Amino acid sequence: MKKFKKGIGFPSVVLLGINGVIGGGLFLLPSTMYKQGGQYVLLAIALASISATLIAMHYAVMSSRIDEDGGAWVYTKRAFGHYPGFLVGWFGWLFGVITISAETAAFLKTLTGLVPAVGTPLVYNSLAIGIMLLLGIMNYFGTGIASRIDDASSLIKIGVILAVFIATVVWLLLGSTSQFSIAQAKPVHDFSGAFGNAFYMFTGFSLIPIAAKEMKNPGKMLPRAILTVMLATTAIFVLMQVVAMTVLGDHLAGSSLPVADIFNVILGRVGRTIIITGMMLSIIGVAIATSFNSPIELASMARERGFLPREFSRLNRYGAPVGAILLTIAISGSLILSGSYLFLIKLIVLSDFVQYLGTIFSSIKLRGDATLPTGYKLPGGKWMTYLTIVVVAYLFTTFAFTTVLVGIGFAILGTIIYSVEQRRH
């Protein structure tokens, strides 16, 4: 996680939040959501945006009352004690681990657009293992380049998005509409699935309160920052979906790389190749940056929070936490070999789901705590909280049994490690 200087301005927080929310899902999910949501796909995106905003507002409440680094685990520990705080922190680390796997899977899926052989199990698994090993080696030597890689991938991501929108507008202005085949109304196949995938695209919103609390007046500007970011990202997601449905028409349902196929229609194979290259650089940049941040988070849980064995916090001569790196890369590698991209993003939402529960119920438990600052108050008070609980409950119904089972397995694994460490002390 990047550190921020005290007093950063409102525009910086908004730009940071937009960059944190928009990820690889924007490039890969429009076709999947169209197949699932059909004629109501835009409604699914809008509802996902509203749901994420409701949850984000509870993060705003808690971050305005508890001014400590750590986010959801800190709130949960304060409200419910050491073990619940650990469990939320454990799933917070897991979010990063799965993100490494999901972004690597997205990178390989995008690469198939240039090299179809990557789609075969042997080549896919070999490259996945190779990437995991490379990430582990980079982390071992503690190069400290995560921030620069993250910045570079962010610029490329913005470039790809702008290129799609500009190319589409120019294409329309040049009168090429005869080559378009606007998607026809399609029956709804799986609205919950469309909602779940749309919600995944907004999961980066939890970064907004963490950054915004460094503002001079977070109580006043934090809600504005959240609403601005969510409105802006919703507009981008809806616009990308509309562009995909307009340019690709009914072919969108069969597209595995919808953004690349948009460029194939507009600029041909050369345009498609260029945009796929940009997508790959953007996606793998996120995986690399996250692979640096996640082991540091795990090491912090062991060293500063006392949740995990100190072996995870021991540094090598390059200043890298070797034990934390090994566990992070090992789990990331096993996940990418065992699940598809869509399965992995469901796990990401599940890991965030646990943090949402911790934050929302902490806001209820600590609402009347006179030892904490008043902070930001939700419009509508407890009724907005009850509505958010309903939203989170619906989000849970979008998880497949296998996803929940994997989540339970990770909770058990974390509990065992935690219990062993507590007995040692």
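The values are calculated or read from the model by the stated rules, or taken from the named source; none is laboratory data. Not measured: the values here are computed from a predicted model. FYI the Cβ positions are ideal-geometry reconstructions off the backbone, even for glycines, and counts take in every protein chain you see. Side chains included, ligands, DNA and RNA excluded: accessible areas come from the protein's heavy atoms. Shrake-Rupley method; radii C 1.70, N 1.55, O 1.52, S 1.80 Å.
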| request: Would you give the gap between the C-alpha center of segment 394-425 and the C-alpha center of segment 11-84, rounded to a whole Å? | output: 21
| remark: Expressed in square angstrom to the nearest 10, the accessible area of Leu231 with a 1.4 Å probe stands at 130
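Roughly to the nearest percent, how much of the accessible area of segment 214-303 is carbon and sulfur, given a 1.4 Å probe?
Working: 2200 of 3310 Å².
So the carbon and sulfur contribution to the accessible surface is 66 percent.
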| request: Report, to the nearest whole %, how much of the accessible area of segment 73-179 belongs to carbon and sulfur atoms, 1.4 Å probe, protein only. | output: 75
| remark: With Cα springs under 10 Å, the Gaussian network model of the chain assigns the largest mean-square fluctuation among Ile129, Ile45, Ile284 to Ile129
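First select every other residue whose beta carbon is under 14 angstrom from the beta carbon of Tyr200; then total the charges, Lys and Arg +1, Asp and Glu -1. Show your work: numbers first, answer last.
Details: positive: Lys346; negative: Glu103, Asp352.
Overall, the nearby charge balance is -1.
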| Relative to the longest principal Cα axis of the chain, at what angle does helix 218-248 sit, 0 to 90 degrees, rounded to 10? | 30
| remark: Measuring from the longest principal axis of the C-alpha atoms of the chain, the long axis of helix 121-140 (C-alpha) lies at a number of degrees, nearest 10, equal to 40
| query | By how many degrees, 0 to 90 and rounded to 10, does the Cα axis of helix 341-365 deviate from the longest principal axis of the chain? | reply | 40
| request: Kindly report, to the nearest 10 Å², the accessible surface of Phe410 as traced by a 1.4 Å probe over protein heavy atoms only. | output: 30
| field | Val238 paired with Arg269, simple spin-label distance in nm, labels 7 Å along Cα-to-beta-carbon | value | 3.9
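Ranked by accessible surface with a 1.4 Å probe, highest first, in what order do Val13, Val115 come?
On the way: Val13 0, Val115 70 Å².
Result of the area sort, largest leading: Val115, Val13.
Quick one: accessible area per residue over the chain, 1.4 Å probe, rounded to a whole number of Å²? Write out the running numbers ahead of the final one.
Details: 18010 Å² over 425 residues.
Ligands and nucleic acids excluded, the result is 42 Å² per residue.
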